[in-house]
Amino acid sequence: MSKKSERSIVKGSERVPFHGAVATGPIHDEERFEITVRVRRKTPLKDLATDGSQYLTHDTYDGADSKNIELVKAFAEEHGLVVVETSAARRSVFLSGTAANFSKAFETKIEHHEHEGGTYRGRTGPLTVPTELADVIEGVFGIDNRPAARPHYQHSMPTHGIGITPHGSGTSFTPPELAKLYDFPTGVDGSGQCIAIIELGGGYRTTDIVTYFQKLGLPVPHVQAVSVDGATNNPTTYNSADSEVMLDIEVAAAIAPKAHIVVYFAPNTDKGFLDAITMAIHDTVNKPSVISISWGGAEKYWTIQSMLSYNQAFQTAAALGITVFCAAGDNGSGDGVTDGKAHADFPASAPYVTACGGTKLTANGSIISSEVVWNENPATSATGGGVSDFFPVPVYQNNIKIPSANNPSHYGRCVPDVAADADPFTGYFVRVDGQYFTIGGTSAVAPLWAGLIALYNQKLGKHVGFINPIIYGPAVVGKGFFRDITSGNNGAYQAKQGWDACTGWGSPDGAKLLKAF
């Protein structure tokens, strides 16, 4: 590959500084780090039947063409970069090198940046590659290591920083209590299933898991940590991402106690997040049938290459019969952005995932007495939901009414798809770092649904897979398979009969919904 090649922009690679960040000078030329180069698919991936009859296997899935991987390797070696690993299935070439070599290879300036939350290694503007690689390379991740996402959980106690006052007296539920209230199927425990959980920080303590499940009178689950890009299970204190990790594990495992829980720990960067997702999808040892993701952020803070690459990975998951649930966010329709506009949370807004919104649930014994949209404060403690500014309306949403907020003529992928209890004042009783807490947030809804699908997979003897075409289809809509939430709002959007941008179709009636699959 000639060093005098013409250059082309890597589509969607443009970056702007992190909100509030200021460049403080170039990083040292000899600083070493690793990146992930995402390579295009060998053949386009078609949407497959959702009944399991056409799911691909890991052996039959076509990833990247080996010739294209070789082209990227040649480009890397030409610029003094070390090829650490390649994966045709993950469509990834993992490279190591110095800042100087990466800067030259992709024609970018790499600088230190400072912002309110700390410092990061960053770049601005687009990346370029030789024109002959422009259609081969779909994304370059890791040169910039700013925080990619935030966890979507909330403690019920104002002293933990959310500063809210409950609208009414609440109570907490254990996951098995919620399973009974939502009429999850009985006689199944997740045996033979693997639930993958993506975490971008924090950790778990085995002693807490043992103590918690003994207290619930449930079998202690088999929990395994997988390291991605050097990140590890690293528990510290309850007011860290430990609360996210323990919430995810305890909810998913309490719903499906015999499922194998695999936690993929990755750095909180766009590279780390992507690598964890592709590792979980293509894990041929543990073979997850469900993936739970409780991290995200407003679409406006993501690069186009990130949103496209993540969604393509989720499309692969769908083709392999893997169900992916993502939390829709905890900061109402604004999703934590202070511009006064409505914003959808990503990756929940990706068309190939099932986005999870939140409700406020109260019960009288074993009966739900009230369930409304979770909204303690529309800016700081309310379910996310809205219309994507990036992804077009997927086919399965063609028959819903697209709500208007920023622009009445704007049409895009709508979130959430489903919901469940998320208000921290009617939240989940969990154990974190030796203490018991009530924790809520849409973070809890993703693992709750992941546990439910693990039960379905066991009951049916097959993978349910990508559920959105089914739950938006004639076999489900209007059949009473969901608890329709018709009261409340999340700021810009109002609950209504049928689908809405607060709670989607609503919370599950587990036994009835099973019939749809």
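The values are calculated or read from the model by the stated rules, or taken from the named source; none is laboratory data. Since the model is a prediction, treat every value here as computed from it, not as a measurement. Cβ: placed from backbone, ideal geometry, glycine included. Neighbour counts: every protein chain shown. Calculation scope for accessible area: heavy atoms of the full protein, side chains included, ligands and nucleic acids excluded. Shrake-Rupley method; radii C 1.70, N 1.55, O 1.52, S 1.80 Å.
Here the accessible area of segment 315-422 is 50 percent carbon and sulfur, with a 1.4 angstrom probe and all protein chains present. Under 16 Å of direct C-alpha separation, and excluding same-chain neighbours fewer than eight residues apart, residue 341 reaches these lysines: 300.
Go ahead and estimate [θ] at 222 nm for the chain from helices alone: -39,500 (n - 2.57) per DSSP H run with n ≥ 4, summed, over the residue count, rounded to 500.
Working: 10 runs with 109 residues, N = 517.
My calculation for the chain gives -6500 deg cm²/dmol from helical runs alone.
Neighbours of residue 90, meaning other residues whose beta-carbon lies under 11 angstrom from its beta-carbon, give a summed charge of -1 when Lys and Arg score +1 and Asp and Glu score -1. Is the shape of segment 295-385 rounded, prolate or oblate, going by the alpha carbon gyration tensor and its root eigenvalues a ≥ b ≥ c, with a/c under 1.5 for rounded and a/b larger than b/c for prolate? Here segment 295-385 falls in the oblate category. Once the convex hull of all Cα atoms in the chain is built, its volume per residue stands at 136 Å³. Hey, with R₀ at 25 Å, roughly what FRET efficiency would residue 84 and residue 56 work out to, going by the Cβ-Cβ distance, to 0.05? Efficiency computed from Cβ-Cβ geometry: 0.40. Distance between the 7 Å Cα→Cβ label points at residue 220 and residue 45: 3.7 nm. Partner aspartates and glutamates whose Cα lies under 16 Å from the Cα of residue 46, excluding those fewer than 8 positions away in the same chain, are identified as 62. Our coupling estimate for segment 102-108, obtained by passing each phi through the Karplus curve with A = 6.51, B = -1.76, C = 1.60 and θ = phi - 60°, is 5, 4, 6, 4, 10, 6, 9 Hz, Gly and Pro reported as x. Extending 7 Å from the Cα toward the beta-carbon at both residue 395 and residue 7 defines two label points whose distance is 4.0 nm.
With a 1.4 Å probe and every protein chain left in place, work out the accessible area per residue of the chain in Å², rounded to a whole number. It amounts to 37 Å² per residue over the chain. Beyond a 19 Å Cα-Cα separation, which of these cross-linked pairs lie in this structure: 42/462; 459/515; 287/462; 73/104? 42/462, as the Cα separations exceed 19 Å there.
Helix 304-319 and the longest principal axis of the C-alpha atoms of the chain enclose an angle of approximately 60°.
Here the contact order of the chain, divided by its residue count and restricted to Cα pairs under 8 Å and six or more residues apart, works out to 17 percent. Looking at segment 302-420, the DSSP beta bridges with both ends there are about 60 percent antiparallel. Sorting the segments 136-144, 62-70, 481-489, 442-450 by their residues' average number of neighbouring beta-carbon atoms within 10 angstrom, most packed first, yields 442-450, 136-144, 481-489, 62-70. Taking 17 Å as the straight-line reach from the Cα of residue 67, the aspartates and glutamates in range (excluding those fewer than 8 positions away in the same chain) are 77, 78, 85, 132, 135, 138.
Relative to the longest principal axis of the Cα atoms of the chain, the long axis of helix 442-460 makes an angle of roughly 80 degrees.
Only beta bridges with both residues in the chain are counted; by DSSP, about 65 percent of them are antiparallel. Across the options 185, 260, 273, the greatest Cα extent toward the positive end of the charge dipole of segment 142-301 (unit charges at beta carbon of Lys, Arg, Asp, Glu) belongs to 185. Taking Cα atoms only, the orientation of helix 270-281 departs from the longest principal axis of the chain by about 60 degrees. Report the residues of segment 334-374 in range of a label on residue 410: point 7 Å along Cα→C-beta, backbone N strictly under 16 Å from it. Output list for this probe position: 334-346, 349-350. If R0 equals 51 Å, the separation of the Cβ atoms of residue 304 and residue 366 corresponds to a calculated FRET efficiency of about 0.60. For residue 477 and residue 180, a Förster radius of 30 Å and the Cβ-Cβ distance give a FRET efficiency of 0.70, rounded to the nearest 0.05. Sequentially through segment 115-124, phi angles give Karplus couplings (6.51, -1.76, 1.60; θ = phi - 60°) of 9, 4, x, x, 10, 8, 8, x, 9, 10 Hz, Gly and Pro residues having no value and appearing as x.
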